[in-house]
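Trainee: Encoded as structure tokens, here's the structure I'll be asking about.
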Amino acid sequence: MSATALIPDIVTPTVREALARRFAIDRRALAAFRISLAFVVLVDLTRRLPDLVAFYTDAGVLPRSVLGTLYPGWDVISLHALSGAAWVQGLLCLAAAVAALSLLVGYRTRLATFVSLVLLVSIQVRNPFVLNSGDVLLRRLLFWGLFLPLGSRWAADATEGAADDHSVVGPATVGLLAQIVVVYATNAVVKLRADVWLRGDAVRYVFQLDHFTVLLGDVVAGWAPLLTLVDWLWVGMLLTSPLLVVLTGWRRAALVGAFVGAHLGMVLTLSIGVFPLVSVTGLLALFPSVVWDRAADRLRPLASLSAVGSGRTPLADRVPALSRIARALAACCLAVILVTNAVGLGVVAAPAGTPDRLTDRSWDMFAPSPPLATWWYEAPANLTSGERVDALTGEPYDRSRPTEAASRYPNERWRKFLDDARTEPRLRRSLATFLCERWNRTHDDGMTAVSLWVATERTDLDGPETVERERLGRYRCGAVRTGR
């Protein structure tokens with residue numbers, strides 16, 4: 001089937017051809033998208049494993065009883081909330097890893113995509129307090145992958161017939177590309193609502209956030225002229241993000257490459273989880289055929305993989321009605337994306353009774369302005385011996401400012417949870433209980449009480465910065481936690 005065949009007949013041939021050139025996705029791009037998507041899912045799983053008990057069991061910081069109180073019904077729809085035991089969480093993570101590996105090699109690709117999506121949503125719903133924009137985007141990319149022939153190239157599922165048609169186009173390809181562009185365009189609109197980005201100071205503020213910067217981020221934090229230039233370049237790229245689909249050929253490839261380079265720069269400077277990797281994954285689908293043709297000329301063995309596979313006829317080809325239903329569903333989901341983002345930006349009024357969570361924007365990302373303060377937790381705890389330790393780190397309590405605020409958190413998910421706990425007393429209580437029980441399980445010198453403090457250092461680009469502290473609460477140890 002040609003790339004223009006799925007575009008409605010009411011569109012003139014000239015317009016159909018123009019739309020096909022911009023919204024068609026090369027099958028090799030879809031294969032690269034699939035491989036990268038599976039890789040990111042595996043990375044995400046690997047990064048969650050060290051905190052499996054802390055974040056996803058009844059012995060952790062968010063027991064199912066607390067989840068059900070804060071998010072009624074969420075503890076029912078998550079497979080990970082069926083049990084509070086660590087071994088159940090481990091089995092579910094193993095199942096997710098198997099599905100991701102199947103997606104990686106392109107075996108039973110659509111089923112693997114579906115299982116990966118279900119288990120990803122399940123673990124995200126189990127603890128929504130550790131999520132960021134990257135988690136939201138990852139599940140949406142998996143969702144759009146359900147409607148696309150991800151296994152038609154470089155996959156165990158690949159068939160020879162797919163090799164005759166180099167690209168695909170339809171509601172699902174439009175939805176995937178629109179999803180990617182919406183992230184940048186929405187972020188651009190929100191950023192323009194604050195002067196700090198147009199002044200060129202926003203990125204300087206971001207790199208003063210000691211609890212975010214890592215690796216090269218600490219090095220370039222003092223390079224004011226460079227950061228101002230990066231600020232303006234990034235805003236300019238966001239404003240021109242619709243060109244990601246408007247442009248074609250090498251011009252599109254150049255712009256996509258610039259966005260990929262920007263996200264790789266984020267990996268080297270900021271601790272923001274899998275968001276940069278997820279963004280690069282989505283951008284792979286935007287690389288036009290000229291890029292893959294050039295790559296095929298240089299990597300002949302890779303090109304030959306396009307026709308290697310099981311030869312199994314896809315279910316959609318065996319049951320044409322399923323293909324029609326999938327296209328209709330993809331078109332509806334595309335409309336939902338556009339409407340919900342318009343509501344989030346305030347362009348369209350939300351219907352009466354719409355829950356606040358449905359109107360929240362997921363793509364603000366340091367917008368309209370970045371945070372203006374670095375913060376970290378202190379958790380002084382009393383032991384039966386009379387000594388004091390920091391319950392978060394297990395080291396002797398030291399009230400002085402840490403050399404690197406990022407060192408106070410094992411990873412960005414802990415930072416996100418502690419940030420949410422600043423405004424939610426029930427999270428602070430379950431956090432304190434977890435810290436007490438974790439210490440008392442492994443030490444003879446028992447912990448009797450723990451206090452939670454948050455220290456805030458406001459950013460001043462031109463002067464000294466002072467630290468203010470606020471006590472969030474004091475909690476006695478020894479309470480027995482009960483699960484369901």
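Trainee: For the stretch 467-480, check the following and say yes or no: at least one residue is loosely packed, with under 15 Cβ neighbours inside 10 Å, touching a residue at least 60 places away in the same chain (Cβ under 8 Å) and not small (Gly, Ala, Ser). Reasoning before the result, please.
Mentor: Narrowing the stretch 467-480 to residues loosely packed, with under 15 Cβ neighbours inside 10 Å: 468-471, 473-474, 476, 478-480.
After this cut, where a residue has to be touching a residue at least 60 places away in the same chain (Cβ under 8 Å) as well, the list is 469.
Imposing the further condition that a residue be not small (Gly, Ala, Ser) reduces the set to 469.
Scanning the stretch 467-480 turns up at least one residue that is loosely packed, with under 15 Cβ neighbours inside 10 Å, touching a residue at least 60 places away in the same chain (Cβ under 8 Å) and not small (Gly, Ala, Ser).
Trainee: Return the residues of the stretch 439-465 that are charged (D, E, K, R) and either in contact (Cβ under 8 Å) with a residue 40 or more places away in the chain or outside any helix (DSSP H, G or I) (or both); say none if nothing qualifies.
Mentor: Keep residues of the stretch 439-465 that are charged (D, E, K, R), which gives 441, 444-445, 457-458, 460, 462, 465.
Scanning the stretch 439-465 gives Asp444, Asp445, Glu457, Arg458, Asp460, Asp462, Glu465.
Trainee: Mind counting the residues in the stretch 11-44 that are modelled with pLDDT under 95, open to solvent by less than 20 Å² (accessible area, probe 1.4 Å) and among the basic types (Lys, Arg)?
Mentor: 0
Trainee: Determine whether Gly273 is out of contact with any strand residue (DSSP E or B) (no Cβ under 6 Å at 6 or more places or on another chain), small (Gly, Ala, Ser) and surrounded by fewer than 20 Cβ atoms within 10 Å (Cβ to Cβ).
Mentor: Taking the combined requirement at face value, the residue does not satisfy it.
Trainee: Would you mention how many residues in the stretch 439-455 are within 34 Å of the chain's Cα centre (by Cα) and within 21 Å of Arg471 (Cβ to Cβ)?
Mentor: Selection size over the stretch 439-455: 7.
Trainee: Which residue pairs have Cβ atoms closer than 7 Å, lie 6 or more positions apart in sequence or on different chains, and pair a first residue in the stretch 245-263 that is at pLDDT 95 or above with a second residue that is open to solvent by 30 Å² or more (accessible area, probe 1.4 Å) and not in a helix (DSSP H, G or I)?
Mentor: Once the first residue is at pLDDT 95 or above and sits in the stretch 245-263, its partners that are open to solvent by 30 Å² or more (accessible area, probe 1.4 Å) and not in a helix (DSSP H, G or I) give Ala253/Phe287; Leu255/Leu247; Val256/Phe287.
Trainee: Ok, one more. For the stretch 240-257, how many residues are out of contact with any Phe, Trp or Tyr (no Cβ under 9 Å at 6 or more places or on another chain), surrounded by fewer than 16 Cβ atoms within 10 Å (Cβ to Cβ) and part of a helix (DSSP H, G or I)?
Mentor: Summing the residues that are out of contact with any Phe, Trp or Tyr (no Cβ under 9 Å at 6 or more places or on another chain), surrounded by fewer than 16 Cβ atoms within 10 Å (Cβ to Cβ) and part of a helix (DSSP H, G or I) in the stretch 240-257 gives 6.
Trainee: Here's a follow-up. Taking the stated definitions as given, is Tyr475 closer than 25 Å to Arg126 by Cβ and in contact with a Cys (Cβ under 8 Å, 6 or more places away or on another chain)?
Mentor: Yes, satisfied.
Trainee: Report yes if Arg47 is in a helix (DSSP H, G or I), charged (D, E, K, R), within 30 Å of Leu435 (Cβ to Cβ) and open to solvent by 40 Å² or more (accessible area, probe 1.4 Å), otherwise no.
Mentor: yes
Trainee: Let me ask something else. For residues that are within 17 Å of Phe366 (Cα to Cα), open to solvent by less than 30 Å² (accessible area, probe 1.4 Å) and not small (Gly, Ala, Ser), tally how many sit in the stretch 217-239.
Mentor: Selection size over the stretch 217-239: 5.
Trainee: Can you spot a residue in the stretch 424-438 that is modelled with pLDDT of 95 or more, surrounded by fewer than 18 Cβ atoms within 10 Å (Cβ to Cβ) and not in a helix (DSSP H, G or I)?
Mentor: For the stretch 424-438, residues modelled with pLDDT of 95 or more, surrounded by fewer than 18 Cβ atoms within 10 Å (Cβ to Cβ) and not in a helix (DSSP H, G or I): present.
Trainee: Quick one: in the stretch 66-78, which of the residues that are open to solvent by less than 70 Å² (accessible area, probe 1.4 Å) and assigned to a helix (DSSP H, G or I) is farthest from Leu431 (Cα to Cα)?
Mentor: First, the residues of the stretch 66-78 that are open to solvent by less than 70 Å² (accessible area, probe 1.4 Å): 66-68, 70-71, 73, 75, 78.
Pick out the ones that are also assigned to a helix (DSSP H, G or I) and you get 66-68, 70, 75.
Values: Val66: 11, Leu67: 13, Gly68: 16, Leu70: 15, Asp75: 19 Å.
Among those residues, the one meeting the criterion is Asp75.
Trainee: Turning to a different aspect of this structure: Among the residues of the stretch 79-114, how many are within 22 Å of Gly145 (Cβ to Cβ), open to solvent by less than 50 Å² (accessible area, probe 1.4 Å) and in a helix (DSSP H, G or I)?
Mentor: Residues meeting the conditions: 13.
Trainee: Can you pull out every residue in the stretch 373-389 that is part of a strand (DSSP E or B) and in contact with a helix residue (DSSP H, G or I) (Cβ under 9 Å, 6 or more places away or on another chain)?
Mentor: If the condition is that a residue be part of a strand (DSSP E or B) and in contact with a helix residue (DSSP H, G or I) (Cβ under 9 Å, 6 or more places away or on another chain), then Thr374, Trp375, Trp376, Tyr377, Glu378, Ala381, Leu383, Val389 are the ones that fit.
Trainee: Do we have any residue at all in the stretch 218-228 that's more than 22 Å from Trp292 (Cα to Cα) and of a type in the set (S, T, N, Q)?
Mentor: Checked the stretch 218-228: at least one residue is more than 22 Å from Trp292 (Cα to Cα) and of a type in the set (S, T, N, Q).
Trainee: Kindly provide the set of residues from the stretch 195-216 that are in a loop (DSSP other than H, G, I, E, B) and either surrounded by 20 or more Cβ atoms within 10 Å (Cβ to Cβ) or in contact (Cβ under 8 Å) with a residue 40 or more places away in the chain (or both), ordered by number.
Mentor: Correct list: Asp201, Phe207, Gln208, Leu209, Asp210, His211, Phe212, Val214, Leu215.
Trainee: Filter the stretch 402-423 down to the residues that are of a type in the set (D, E, K, R) and modelled with pLDDT of 90 or more, then identify the one that is nearest to Gly473 (Cα to Cα).
Mentor: Arg422
Trainee: Just name the residue that is farthest from Arg458 (Cα to Cα) out of those in the stretch 381-418 that are open to solvent by less than 60 Å² (accessible area, probe 1.4 Å) and acidic (Asp, Glu).
Mentor: Here the answer is Asp390.
Trainee: A further question on this structure: Being at positive phi and touching a helix residue (DSSP H, G or I) at 6+ places or on another chain (Cβ under 8 Å), is that true of even one residue in the stretch 390-406?
Mentor: yes
Trainee: Taking Phe147 as the residue in question, decide whether it is open to solvent by 10 Å² or more (accessible area, probe 1.4 Å), more than 30 Å from Thr423 (Cβ to Cβ) and not in a loop (DSSP other than H, G, I, E, B).
Mentor: Values: open to solvent by 10 Å² or more (accessible area, probe 1.4 Å): yes; more than 30 Å from Thr423 (Cβ to Cβ): yes; not in a loop (DSSP other than H, G, I, E, B): no.
Spelling it out, it is not the case that Phe147 is open to solvent by 10 Å² or more (accessible area, probe 1.4 Å), more than 30 Å from Thr423 (Cβ to Cβ) and not in a loop (DSSP other than H, G, I, E, B).
The values are calculated or read from the model by the stated rules, or taken from the named source; none is laboratory data. All figures in this text were calculated on a predicted structure; none of them were measured in a lab. Note that each Cβ is placed from the backbone with ideal geometry, even for glycine, and that neighbours are counted across all protein chains shown. Heads up: the accessible areas ignore ligands, DNA and RNA and are worked out on the full protein's heavy atoms, side chains in. Shrake-Rupley method; radii C 1.70, N 1.55, O 1.52, S 1.80 Å.
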